[in-house]
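**Q** Okay, handing you the structure first.
The values are calculated or read from the model by the stated rules, or taken from the named source; none is laboratory data. Just so it is clear, the structure is predicted and the values come from calculations on it, not from any experiment. Cβ sites come from the backbone with ideal geometry, for glycine too, and all protein chains shown count toward neighbours.
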Amino acid sequence: MEERPIIVFDVETTGTDNRRDQVIELCVQFGVDPGSPSETWRIKPSVEISPGAQEVHGISMEDLAVALLDEAESPKHHRERFTVAY
């Protein structure tokens, strides 16, 4: 049987209400082996992160602000508006 590459997608959100909550972190990992290459993007939401969601993923609004400042000072990615379905 031919071995196929695996791509893992992980998202973190502001909560669990799909009518209100938004994706704040998207990670794509190429493979499941330790050290597999990955890319992570953090996205500033227009709503607050719920306490329950923050307890699960540990990402705060302050963390997002720092990540976005770092990206502005040293851009690694082409920025475009996009929709993530989950």
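**Q** Of everything in segment 1-44, what is surrounded by 13 or more Cβ atoms within 10 Å (Cβ to Cβ), among the hydroxyl-bearing types (Ser, Thr, Tyr) and within 9 Å of the chain's Cα centre (by Cα)? Give them in sequence order.
**A** Hit for segment 1-44 is Thr13, nothing else.
**Q** Being in contact with a Leu (Cβ under 9 Å, 6 or more places away or on another chain), at negative phi and in contact (Cβ under 8 Å) with a residue 40 or more places away in the chain narrows it down to one residue among Ile43, Ile24, Ile59; which is it?
**A** Every option except Ile24 fails the conditions.
**Q** OK, next. I'd like to verify a number: residues in segment 45-70 that are surrounded by 12 or more Cβ atoms within 10 Å (Cβ to Cβ), modelled with pLDDT under 75 and over 14 Å from the mean Cα position of the chain (by Cα), how many?
**A** Of the residues in that region, 1 qualify.
**Q** Restricting attention to segment 3-29, which residues are closer than 17 Å to Glu55 by Cβ, acidic (Asp, Glu) and either modelled with pLDDT under 90 or outside any strand (DSSP E or B) (or both)?
**A** Correct list: Asp17, Asp21.
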